[in-house]
Amino acid sequence: YKLKGRPEYKPCMVIGNNEEIFNEITYVPITIYERCIRPIKEAGHLCSFLVPINPRSRQWYGPLSEWVLNHTVQDGKIAVPFNPGNVIEALAQLSIKDKVLIVGSSANNTGEGNCAAFKELPVQMVNNVDYIIYDPKPAKYQNSERKGGTIIDLSSGLPVVFRKGVLFEKIYDSLKLS
């Protein structure tokens with residue numbers, strides 16, 4: 001948080017884009033999943049969904065510290081990215097194998113837009129982290145505006161645009177939002 005300049009009130013994302021993880025940690029009725037998440041997942045569009053947590057999931061209480069829990073869950077919901085790219089998808093597979101929940105944020109300074117390649121990362125960030133995991137290829141969703149991913153809030157049962165990001169028009173068309 002400090003390194004990114006991220007405000008304390010902004011939660012981290014949960015690497016739960018795999019159906020096994022997603023079904024364990026969230027409470028999303030199958031009708032909403034089929035109508036809103038599956039079309040985006042199958043189209044390959046980068047999109048995060050704000051969804052209610054499953055309060056009975058063993059992942060929320062025990063393995064996560066109180067600090068991480070408080071900086072991941074906000075108002076009983078979490079942000080879960082779908083189609084985030086090879087590195088995040090590989091981390092999701094490891095989290096299943098190791099039975100741990102991975103949370104995190106992008107490696108850019110808050111408010112300065114997303115970085116599409118390792119060479120774009122702020123020097124102070126690269127020099128002050130314990131580990132760096134990256135794909136040597138540029139990000140699949142790089143764009144000149146440096147937009148992050150679109151975020152759709154599904155917590156009310158209806159899709160509500162939380163943030164218009166990269167691929168918003170395609171996501172809008174896929175969800176038939178009005």
Residue under evaluation Leu121, criteria (1) out of contact with any helix residue (DSSP H, G or I) (no Cβ under 6 Å at 6 or more places or on another chain); (2) modelled with pLDDT of 90 or more; (3) surrounded by 15 or more Cβ atoms within 10 Å (Cβ to Cβ); (4) of a type in the set (A, V, I, L, M, F, W, C), criterion not met: (2)
Among the candidates Leu3, Leu64, Leu46, Leu94, which residue alone is free of Cβ contacts under 8 Å to residues at least 24 places away in the same chain and among the aliphatic types (A, V, I, L, M)? Leu94
When you scan region 1-73 for helices (runs of 4 or more DSSP H) that lie fully inside it, which ones turn up with 1 or more residues that are more than 21 Å from Ile96 (Cα to Cα) and open to solvent by 20 Å² or more (accessible area, probe 1.4 Å)? 38-43, 66-70
Are there any pairs, at least 6 apart or on different chains, whose C-beta atoms fall under 6 Å, with the first in region 126-147 and within 22 Å of Phe82 (Cα to Cα) and the second aliphatic (A, V, I, L, M) and part of a loop (DSSP other than H, G, I, E, B), and if so, which? Pro138/Ala116; Pro138/Ala117; Ala139/Ala116; Tyr141/Leu46; Gln142/Ala116
Being surrounded by 13 or more Cβ atoms within 10 Å (Cβ to Cβ), assigned to a loop (DSSP other than H, G, I, E, B) and on the phi < 0 side of the Ramachandran plot is the filter here; which residues of region 135-157 pass it? Asp135, Pro138, Ala139, Lys140, Tyr141, Gln142, Asn143, Lys147, Gly148, Leu154, Ser155
Restricting attention to region 37-46, the residues that are hydrophobic (A, V, I, L, M, F, W, C) and within 19 Å of Glu20 (Cβ to Cβ) number exactly 2
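The values are calculated or read from the model by the stated rules, or taken from the named source; none is laboratory data. Just so you know, these numbers come straight off a predicted model, no measurement behind them. Ideal geometry is used to build each Cβ from the backbone, glycine not excepted, and the neighbour counts take in all protein chains shown. The accessibility values were calculated without ligands, DNA or RNA, using every heavy atom of the protein model including side chains. Shrake-Rupley method; radii C 1.70, N 1.55, O 1.52, S 1.80 Å.
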